[in-house]
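The structure appears right after this line, and notes come after that.
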């Protein structure tokens, strides 16, 4: 019992440090790169887009690496790559050097999610796996908030704050990599023979049920991206609220998810995962409908209304995220978990790549079109999840018999 508990503590510590690093970097990406490399904002924006597309193209290879070497090793590699990249950022003063470092950071960031989830799958099963996933979600939000505060403190140092941020990021990701190195994974978990990966991505693509999960995740992902991309514009331009309101909404969202993620995750574990996630999409849709009516309020009433709707939006995120992520991890068979989770992560990445353009078009269309489209997207995603929940379990793949002691819970266990 001692070793698994120690592994969980190290994983939680590494996940928190990882999230702090993301919290420092993500909100300041453009300014961070501009001050460290001296490149123009246009050049940086183009370079980051190229790096993001390169990271998307690398995801299939990431999945294959996870299946061959295990989530732990790939996660360590992703953390170490980010540590080295941020240490090199101050030296990337030429455009080719900037592109190389930006690509390395993007690949490492996109590779972290599936490798981290695969590591959780190797560390635990059943209810314990769900608890680790819930802790990971809460730590991501808490660490992001703490990292944003740390970034603000470093920026108070002036131009030297950006160099300090680069050094802190390098140390943080290196420390997280060291912590993961000492995580003990049970012998029955990650050991996979190369022959076990027969079929590869053909098996993933042939899995009709997982294709539905990935499509649902792609549609519902637009509801998550709206907070960072569309909501600040809508609140200031259409609802005529002060610029600080978007930051307050983000803070409320982050605090509630960090504080309630674990207990809500435990509550949702009592329900079938597909139904629980679909319920979250219904709450999401309710919040989007309410956002469309916010321009009708003004003054203090508008502030109260925004905060109330933000709480409903966060409730949708809490109710959906726990069973949805758990469903994606449990639905991935152990011998191809890396490929399955990389395909699932690819739906997030593609959504985030397309969201700025699509949400921008909807914002320009009027004050309610954005929210109507988002509500439709998440409800369609929820309907797909319900259909997936009712679908029969797929037949086990034909392969040589395995001793019963080595079998794990079925990939679509409720």
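The values are calculated or read from the model by the stated rules, or taken from the named source; none is laboratory data. Just so it is clear, the model here is predicted, and its values are computed rather than measured. Virtual Cβ from ideal backbone geometry, glycine too; neighbours counted across all protein chains shown.
Any residue in the range 58-76 that is assigned by TED's automatic domain parsing to the domain that holds residue 104, within 21 Å of residue 147 (Cβ to Cβ) and surrounded by fewer than 23 Cβ atoms within 10 Å (Cβ to Cβ)?
Filtering the range 58-76 for residues assigned by TED's automatic domain parsing to the domain that holds residue 104 gives 58-76.
Still in the list and also within 21 Å of residue 147 (Cβ to Cβ): 75-76.
Now drop any that are not surrounded by fewer than 23 Cβ atoms within 10 Å (Cβ to Cβ), which leaves 76.
Yes: one or more hits.
Could you give every pair whose Cβ atoms fall below 7 Å, whose first residue belongs to the range 89-116 and is in the same structural domain as residue 341 (by TED's automatic domain parsing), and whose second residue is crowded, with 23+ Cβ neighbours inside 10 Å and assigned to a helix (DSSP H, G or I), counting only separations of at least 6 or pairs across chains?
Taking only residues 6 or more apart or on different chains, not a single pair turns up.
If you take just the helices (runs of 4 or more DSSP H) that sit entirely in the range 199-317, which of them hold at least 2 residues that are closer than 30 Å to residue 364 by Cβ and outside the structural domain of residue 67 (by TED's automatic domain parsing)?
Details: elements: 200-206, 208-229, 244-268, 273-292.
Result: 208-229, 244-268, 273-292.
Restrict the check to the range 332-342 and report whether at least one residue is out of contact with any strand residue (DSSP E or B) (no Cβ under 8 Å at 6 or more places or on another chain), surrounded by fewer than 24 Cβ atoms within 10 Å (Cβ to Cβ) and in a loop (DSSP other than H, G, I, E, B).
Going residue by residue through the range 332-342, those that are out of contact with any strand residue (DSSP E or B) (no Cβ under 8 Å at 6 or more places or on another chain) are 332-342.
Next, from what is left, pick out any that are surrounded by fewer than 24 Cβ atoms within 10 Å (Cβ to Cβ): 333-335.
Filter once more, so that each one left must be in a loop (DSSP other than H, G, I, E, B): 333.
Yes, the range 332-342 has at least one match.
Can you find a residue in the range 170-181 that is in the same structural domain as residue 314 (by TED's automatic domain parsing), out of contact with any strand residue (DSSP E or B) (no Cβ under 9 Å at 6 or more places or on another chain) and either more than 27 Å from residue 68 (Cα to Cα) or modelled with pLDDT under 80 (or both)?
Within the range 170-181, none of the residues are in the same structural domain as residue 314 (by TED's automatic domain parsing), out of contact with any strand residue (DSSP E or B) (no Cβ under 9 Å at 6 or more places or on another chain) and either more than 27 Å from residue 68 (Cα to Cα) or modelled with pLDDT under 80 (or both).
So that you can scan it fast, the table gives a plain yes or no per residue for (1) in a helix (DSSP H, G or I); (2) over 18 Å from the mean Cα position of the chain (by Cα):
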position: 72; (1), (2): yes, no
position: 85; (1), (2): yes, yes
position: 90; (1), (2): yes, yes
position: 93; (1), (2): no, yes
position: 111; (1), (2): yes, no
position: 116; (1), (2): yes, no
position: 119; (1), (2): yes, no
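Being outside the structural domain of residue 314 (by TED's automatic domain parsing) and at pLDDT below 85 narrows it down to one residue among 123, 144; which is it? First the steps, then the outcome.
Values: 123 fails: at pLDDT below 85.
Just a single option satisfies the conditions, and that option is 144.
A quick yes/no check of all residues on (1) outside any helix (DSSP H, G or I); (2) surrounded by fewer than 15 Cβ atoms within 10 Å (Cβ to Cβ):
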{"residue": "144", "(1), (2)": "no, no"}
{"residue": "150", "(1), (2)": "no, no"}
{"residue": "153", "(1), (2)": "no, yes"}
{"residue": "158", "(1), (2)": "yes, yes"}
{"residue": "161", "(1), (2)": "no, no"}
{"residue": "166", "(1), (2)": "no, no"}
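Taking the criterion of being out of contact with any helix residue (DSSP H, G or I) (no Cβ under 9 Å at 6 or more places or on another chain) and either surrounded by fewer than 23 Cβ atoms within 10 Å (Cβ to Cβ) or closer than 27 Å to residue 329 by Cα (or both), would at least one residue in the range 95-106 satisfy it?
Looking only at the range 95-106, we keep the residues that are out of contact with any helix residue (DSSP H, G or I) (no Cβ under 9 Å at 6 or more places or on another chain), and these are 96.
Among the residues that remain, those that are also either surrounded by fewer than 23 Cβ atoms within 10 Å (Cβ to Cβ) or closer than 27 Å to residue 329 by Cα (or both) are: 96.
Yes: the range 95-106 contains one or more residues that are out of contact with any helix residue (DSSP H, G or I) (no Cβ under 9 Å at 6 or more places or on another chain) and either surrounded by fewer than 23 Cβ atoms within 10 Å (Cβ to Cβ) or closer than 27 Å to residue 329 by Cα (or both).
Residue by residue through the range 19-44, note down the ones that are closer than 28 Å to residue 116 by Cβ and free of Cβ contacts under 8 Å to residues at least 40 places away in the same chain. It would help to see each step written out before you state the result.
Applying the first criterion (closer than 28 Å to residue 116 by Cβ) to the range 19-44 yields 19-33, 36, 44.
Answer for the range 19-44, where residues must be closer than 28 Å to residue 116 by Cβ and free of Cβ contacts under 8 Å to residues at least 40 places away in the same chain: 29, 30.
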